[in-house]
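**Student:** The structure's right below; bear with me while I get my questions together.
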Amino acid sequence: MIGIAVSFITGIAAYNLFPFFPFSIITLFITAVIFLLLKQRENKKKIFLTIFVFIFGFIHSSFRHETLPEIKLPEKEVSVEGTVIDVPEISGEKLRFTIDNVYINRQHVKGKVKLSAEPEILEYLSPAYGDRIKTFTKLNEPITFLNPDVYSYNFKKDGLIANGYIKQIEVTGKGRGLLSWLYSKRQRLGEIIDNSLSEESAGFLKAIILGLQKGITPETRDAFSATGLAHLLSISGTHFGLLAFIFFKVIKAAIKSLPIRILTRMTLYVTPTQIAVVLTLPVLVLYTMISGASTPAIRSFIMVLIYMTALFLGRKGQWLNSLAIAAIIILLWQPDSLFDLSFQLSFLAVLSIGFAIENKSEHKIHAQEHKHLIKKTFDGIKTSMLMTLAAVIVTAPIVIYYFYQFPLISPVSNLIITPLVCFIILPFGFFTVFFALLFNMDFMPLSYLTDSVTRFALKLIKIASQIPHSNLHLHKPSIIVVILFFFSFAFAIKSKSKWKLLPFVLVLCIYLMVPFFSDDDIRITFLDVGQGDASVIHLPDKRIMLIDGGAEDYDTGRRVIAPYLWSNGIKKIDYLVLSHPHPDHYGGLIYITDNFKISEVWLNGRAVPEAKKFFWKIQERKIPYRILKRGDMLEGKGYRIYALHPYNQFYAGSPRGEFSNENNNSLVLKIEFANFTALLAGDIEIEAEENLSHLGRWLKSDIIKVPHHGGRTSSSEEFLKTVNPKIAIVSAGRNNPFNHPHAETLYKYRMTGARFLRTDREGAVSIALKNKKYVTRTYRDSKFMEVRRLRDEMKNLRLLL
């Protein structure tokens, strides 16, 4: 069964990777077939079965693969109709829910739409699962940030095509049937938890019992990730396994307590174990449905179902075959799950724990029957530590690849907090909330006790996450390094050679040395932060400068800038620059000041009340700051950074008001290194540009960060003539409401002959000086391209390194 699972998985992987590596996959397939024919020539049935399963996996994936058609969303408010497919939840002070079977202006479209509204709007008419609703809204494409080495959630994978904010709603039909009834009970359970517990505790319990995630704050999610406990926040195999364990044990104990005469007659036909399995399964099915029947929940149910089936058949020791069967069933249902992060982590964790326990059992010395209780306790703790360490080490490459962190405290936090959550909070909360539902109560019994224990656990997690060095942020490994890690680790476990650890150590050394291999003299990366600005500059002396941080509304500090810095091995920012205190520039810097060591902050000398949170953060963390004016200069190893604007006597006096005046006071910097010149112009508008144009040759630069996102009130002809750029980069959000960059601005840059790059189209843009030549790379250059000729595949292969 293991061989069949491996062949099937390989076939699915081959189909998905074939557009990018066709020559390599064909070569590997032919090589593998020849190898099998030579090595297994006496077992031709096994060879043909392996090849058949591989081809079946390949073809099955092609039939199950679905892509959403590209649609152009209307620019104005439209009529939207659809069926609610989840429980409406409050998140970010807005009520949010998703609809499917969507009609836009009475035209059916394939895909789902996520809607949000102020909670008071839906106070008396809140939609429920299965309800058919109608509303009017302006639809927008879901925001996806395109940055190299930064994990960005793919909304289309879940079938989401648009977001909309609604001000009124009409329920045109009520949901009916079993699913609607179950979801109404799920919604009612969520209300009971909200009524009974504090906001933070309620959000946590709704996540681990009902799969309702929106009550978890980003700060809480960060704390769980930093302590290696993120797996507790979603309905997973842990939850299903624990629920199955409790019901199975209770039912089995109840059966064994029956009178001996009844029990003896019963066991002639069926064992207590088989009865317990049969009675436990309906509970698991009900829990799967009431927890939302999400993909991870169904996967977890399948894994526990296979295990319990093995128990029913009396095959306890077949854990690896059971896992293989579970993988095959899940991938038959959803082949794309192979590339799903939760699927990879779940199966790697179970594999590692299974092998760790199996290995321990093989080397276990059988103790005497009267082993002391304390010794048994210590043995249990050692086993738990071994299981946690195995899971942490084996999943580490995947966690680092996607999240750039390695929680050192994870073995301890999992040993202390996971039992507290899984054996006390989860079962106690589960039974009390269902008790309240069963007896039509508005509050959970013993809610004060549940709330106190939950708050204690959450407090422990936050304290653990703040322990210095408890969580290491590491640079992103290449795909080939991840693959080599697993091969070298397997070799170290299975081999009996005295050099068995050498390959593993070599892989770790290669990984740790990668950040020192960069041969760029200087590099500027203009990140895709939506409608805002954020630029990371790698200076020649290895110092790091960050200019602006995007908008807080998009949480760009947490979602984009910090992940980009961590993925590149950056933990310290030497110069943090705020061009001017507008929310689309300072918003993401608040998170950065909390999570990075900042040597110095550069400001333009102006402050507005809206930005007080950022300035308070600088004072709170006692970060040194400088106010730069025209004429200030920083000189480094072979490079100079000039402050060209503003200066004390400058007065914009813009007829467009105070907002434009703040833009015109943006800090303008020029960087010079060898033949590399870059002008970083903030959001200056025509008034500041006219003033700067008098600087003449001091303004001339090969690279310009286009002022004010390419708005029509910037990039005047005289200014562009003075700068005379070769490359222009504009930072703007896709489908932004300001129509940035403006058509007039695009025409002006086209007339200069400059190469024009846009973060709303190309994603992040990186420009480096290498061997006295400019090297420009966009986000798309960091992604695999569909192969049309051999050199395309060679480029894809280089991306693996």
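**Student:** Hey, with R₀ at 22 Å, roughly what FRET efficiency would R798 and Y747 work out to, going by the Cβ-Cβ distance, to 0.05?
**Tutor:** On the way: r = 37 Å, r/R0 = 1.69.
Given R0 = 22 Å and the Cβ-Cβ separation, E is 0.05.
**Student:** Once Lys and Arg get +1 and Asp and Glu get -1 on their Cβ, which of N595, S654, P583 lies farthest toward the positive end of the dipole of segment 530-664?
**Tutor:** Projecting each Cα onto the dipole axis, the largest value belongs to N595.
**Student:** Scattering from the C-alpha atoms of segment 116-175 alone, worked out with Debye: what is log10 I(q)/I(0) at q = 0.21, 0.22 1/Å?
**Tutor:** For the requested q values the scattering log ratios are -0.92, -0.97.
**Student:** Please calculate how many Å² of accessible area segment 634-779 carries per residue, with a 1.4 Å probe and no DNA, RNA or ligand atoms counted. Walk me through the intermediate numbers first.
**Tutor:** Values: 6430 Å² over 146 residues.
Using a 1.4 Å probe on heavy atoms only, each residue of segment 634-779 averages 44 Å².
**Student:** Under 19 Å Cα-Cα from K76, which aspartates and glutamates qualify once same-chain neighbours fewer than 8 residues away are excluded?
**Tutor:** Hits, sequence-local ones excluded: E141.
**Student:** Hey, can you grab everything whose amide H is under 5 Å from the amide H of L472? Only 5+ residues off in sequence or another chain; H modelled, so Pro and N-termini drop out.
**Tutor:** Result for L472 returns F406, L408.
**Student:** Considering every pair of different Cα atoms, what Kirkwood radius, in Å, is found for segment 629-733?
**Tutor:** Numbers: mean 1/r = 0.0726 Å⁻¹.
13.8 Å is the Kirkwood radius here.
**Student:** State the dimensionless ratio Rg/Rh of segment 478-618 (Rg: radius of gyration of Cα atoms; Rh: Kirkwood radius).
**Tutor:** Values: Rg = 19.7 Å, Rh = 17.1 Å.
A ratio of 1.15.
**Student:** What share of all Cα pairs of segment 211-291, in percent, falls into each consecutive 5 Å distance bin?
**Tutor:** 3, 13, 18, 15, 12, 11, 9, 7, 5, 4, 3, 0
**Student:** Now a separate question. Please work out how much length the chain gains when fully extended from L506 to Q168, using 0.36 nm per residue of separation minus the C-alpha to C-alpha distance, in nm with one decimal. Present the calculation step by step, with values, prior to reporting the outcome.
**Tutor:** Details: separation 338, 0.36 × 338 = 121.68 nm, distance 6.12 nm.
115.6 nm is the gain from fully extending L506 to Q168.
**Student:** Taking the Cα centre of segment 725-791 as the origin, how large is its charge dipole in debye, to the nearest 20, when only Lys and Arg (+1) and Asp and Glu (-1) carry charge on their Cβ atoms? Spell out each step's value before the answer.
**Tutor:** On the way: 16 positive and 5 negative charges, 96 e Å.
In debye, rounded to 20, segment 725-791 gives about 460.
**Student:** For the pair S497/L17, report the inter-label distance in nm, with labels modelled 7 Å from Cα in the Cβ direction.
**Tutor:** Between S497 and L17, the simple spin-label model gives 2.4 nm.
**Student:** Report the extension gain between L313 and N739 in nm, rounded to one decimal, defined as 0.36 nm multiplied by the number of residues separating them, less their alpha carbon distance.
**Tutor:** 146.9 nm
**Student:** Express the accessible area of segment 467-521 per residue in Å², computed with a 1.4 Å probe while the remaining protein chains stay in the model. Can you show the working numbers first?
**Tutor:** Details: 3850 Å² over 55 residues.
Heavy-atom accessible area per residue stands at 70 Å².
**Student:** Within a Cβ distance under 9 Å of T83, other residues only, what is the Lys/Arg minus Asp/Glu net charge?
**Tutor:** Working: positive: R132; negative: E81, D100, D131.
Overall, the nearby charge balance is -2.
**Student:** Using Cα-Cα distances under 8 Å and only pairs 6 or more residues apart, what relative contact order does segment 468-524 have, in percent?
**Tutor:** Details: 20 pairs, mean separation 18.1, N = 57.
For segment 468-524, the relative contact order is 32 percent.
**Student:** In Å and from the alpha-carbon atoms only, list the Rg and Dmax of segment 393-434.
**Tutor:** For segment 393-434, the Cα radius of gyration and maximum Cα-Cα distance read 14.4, 39 Å.
**Student:** Determine the percent antiparallel among the DSSP beta bridges restricted to the chain, to the nearest 5. Walk me through the numbers on the way to the answer.
**Tutor:** On the way: 62 of 87 bridges.
Restricted to the chain, the bridges split so that about 70 percent are antiparallel.
**Student:** Size of the dipole of the chain about the Cα centre, Lys and Arg at +1 and Asp and Glu at -1 on the beta carbon, nothing else charged, in debye to 20? Mind dumping the intermediate values first?
**Tutor:** Numbers: 94 positive and 68 negative charges, 653 e Å.
With Lys and Arg at +1 and Asp and Glu at -1, about 3140 debye.
**Student:** Another question, then. Of the options L634, V668, F614, report the single residue whose Cα projects farthest towards the positive end of the charge dipole of segment 599-682 (beta-carbon charges: Lys, Arg +1; Asp, Glu -1).
**Tutor:** Positive-end residue among those listed: F614.
**Student:** If you count only protein heavy atoms with a 1.4 Å probe, what accessible area per residue comes out for segment 179-248, rounded to a whole Å²? Could the numbers behind the result be given before it?
**Tutor:** On the way: 2310 Å² over 70 residues.
Ligands and nucleic acids excluded, the figure is 33 Å² per residue.
**Student:** Here's another thing I want to ask about it. Taking 0.36 nm per residue of separation and subtracting the Cα-Cα distance, what length does fully extending E219 through I90 add? Show your work: numbers first, answer last.
**Tutor:** Numbers: separation 129, 0.36 × 129 = 46.44 nm, distance 1.65 nm.
Difference between extended and current length: 44.8 nm.
**Student:** From the cross-link list K249/K382; K572/K622; K571/K597; K597/K670, which pairs have alpha carbons spaced over 18 Å apart? Don't skip to the end; give the middle numbers.
**Tutor:** Values: K249/K382 24 Å; K572/K622 15 Å; K571/K597 7 Å; K597/K670 24 Å.
In this structure, K249/K382; K597/K670 lie more than 18 Å apart at Cα.
**Student:** Could you compute the FRET efficiency for R64 and S518, with r as their C-beta to C-beta distance and R0 at 51 Å, rounded to 0.05? It would help to have the intermediate numbers written out before the result.
**Tutor:** Details: r = 41 Å, r/R0 = 0.81.
FRET efficiency, R64 to S518: 0.80.
**Student:** With a 10 Å radius around each residue's Cβ, average the other Cβ atoms per peptide and rank 132-144, 551-563, 399-411, highest first.
**Tutor:** Working: 132-144: 17.5, 551-563: 22.2, 399-411: 20.5.
So the order, starting with the most tightly packed, is 551-563, 399-411, 132-144.
**Student:** Starting from the Cα of N140, step 7 Å along the direction of its Cβ; do the same at R621; then give the gap between the two resulting points in nm.
**Tutor:** 2.7 nm
**Student:** On the Cα set of segment 380-487, report Rg and Dmax in Å, please.
**Tutor:** Computed over the Cα atoms of segment 380-487, radius of gyration and Dmax are 18.5, 57 Å.
**Student:** For K476, give me every one of the aspartates and glutamates with a C-alpha distance below 19 angstrom, ignoring sequence neighbours fewer than eight places off in its own chain.
**Tutor:** Hits, sequence-local ones excluded: D149, D222, D340, D519, D520, D528, D781.
**Student:** Carbon and sulfur together cover what percent of the accessible area of the chain at a 1.4 Å probe radius?
**Tutor:** On the way: 25230 of 41170 Å².
Carbon plus sulfur share of accessible area: 61 percent.
**Student:** FRET efficiency for L258 and L446, Cβ-Cβ distance as r, R0 = 30 Å, nearest 0.05? Working shown, then result.
**Tutor:** Numbers: r = 31 Å, r/R0 = 1.02.
Between L258 and L446 the formula returns 0.45.
**Student:** Beyond 53 Å, what share of the Cα-Cα pairs of the chain is found? Please give it as a whole percent.
**Tutor:** Summing the P(r) of the chain above 53 Å gives 19 percent of all pairs.
**Student:** Hey, what number do you get for the chain at 222 nm if only DSSP H runs of n ≥ 4 count, each worth -39500 (n - 2.57), divided across all residues, to the nearest 500? Working shown, then result.
**Tutor:** Values: 28 runs with 365 residues, N = 801.
About -14500 deg cm²/dmol.
**Student:** Further question on the same structure: Among the lysines, which have Cα under 21 Å from the Cα of K72 when same-chain residues fewer than 8 positions away are ignored?
**Tutor:** Excluding near neighbours in sequence, the set is K110, K112, K114, K134, K138, K156, K157.
**Student:** Under the Kirkwood approximation for Rh and a Cα-based Rg, what ratio Rg/Rh is obtained for segment 83-221? Walk me through the intermediate numbers first.
**Tutor:** On the way: Rg = 15.7 Å, Rh = 16.2 Å.
Across segment 83-221, the Cα-based Rg/Rh ratio is 0.97.
The values are calculated or read from the model by the stated rules, or taken from the named source; none is laboratory data. Not measured: the values here are computed from a predicted model. When we count neighbours, we look across all protein chains shown, and the Cβ atoms used for this are built from the backbone with ideal geometry, even at glycine. Areas reflect the complete protein model, heavy atoms only, side chains present, ligands, DNA and RNA absent. Shrake-Rupley method; radii C 1.70, N 1.55, O 1.52, S 1.80 Å.
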